[in-house]
1. For the chain, what proportion of DSSP beta bridges, expressed in % and rounded to the nearest 5, is antiparallel?
2. Can you give the alpha-carbon Rg of segment 28-81 over 2.2 N^0.38 Å, where N counts its residues?
3. With springs only between Cα atoms under 10 Å, which of Pro121, Pro57, Pro13 fluctuates most in a Gaussian network model of the chain?
4. I need the peptides 36-46, 60-70, 22-32, 84-94 ranked by packing, meaning the mean over residues of other C-beta atoms within 10 angstrom, with the highest value on top.
5. Report the gain in length on full extension from Gln126 to Arg149: 0.36 nm times residue separation, minus Cα-Cα distance, nm rounded to one decimal.
6. Using the Cα gyration tensor of the chain, with a ≥ b ≥ c the square roots of its eigenvalues, what is the shape: rounded (a/c below 1.5), prolate (a/b larger than b/c) or oblate (neither)?
7. Only helical DSSP H runs with n ≥ 4 go in: add -39500 (n - 2.57) per run for the chain, normalise by residue count and round the 222 nm mean residue ellipticity to 500 deg cm²/dmol.
8. Hey, any idea what % of segment 1-127's accessible area is carbon plus sulfur with a 1.4 Å probe?
Amino acid sequence: MKDFGQNRPEPQPMAIALEEANLAFDRGEVPVGAVIADADGKIVARDGNRTLELKDPTAHAEMLVIRAACKSVASERLGGLDLYVTLEPCPMCASAISFARIRRVYYGALDEKSGGVDHGPRIFAQGSCHHAPEVYGGIRESESAALLRRFFRARR
């Protein structure tokens, strides 16, 4: 993970990803939101987790926005586009990010238990990984982590 840095402005799409995470929370889903945007910050796709709603274990926020962005640009490759997500992507999502050739990944909270980027299998560091995006973690980390803690505290 690269340090996002103190002097760089926060990407606006991350604020929208947090909005999507809050909407997922309101739906009773694990509150993770994601956005795919171009280099100018124009939103191509946005969504939040919908695994319960869709009865689909692959309906993670990242997977949903990757699918929507691929339809929007009429390609299975999303080179030149960036992903903003409120939680470190899991191994499944990290693999899809690699296959889609996403340029950069910006994420909020670390996921020491189920992460697949900077924790766990570290998908982008594997020799079998065909494309490794630039990764920037810790963006609005405290807000992202607080929302997740609030969600899971209510279920325990």
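1. Details: 9 of 19 bridges.
If I count the DSSP bridges inside the chain, around 45 percent turn out antiparallel.
2. 1.15
3. Pro57
4. Details: 36-46: 16.7, 60-70: 23.7, 22-32: 19.4, 84-94: 26.2.
Descending mean neighbour count gives 84-94, 60-70, 22-32, 36-46.
5. 5.2 nm
6. Rounded, since a/c falls under 1.5.
7. -11000 deg cm²/dmol
8. 51 percent
The values are calculated or read from the model by the stated rules, or taken from the named source; none is laboratory data. Fair warning: this is a prediction, and the values are worked out from it, not measured in the lab. With ideal geometry, Cβ positions are generated from the backbone for all residues, glycine too; neighbour counts draw on all protein chains shown. Just the protein is used for accessible areas: all its heavy atoms, side chains included, with ligands, DNA and RNA removed. Shrake-Rupley method; radii C 1.70, N 1.55, O 1.52, S 1.80 Å.
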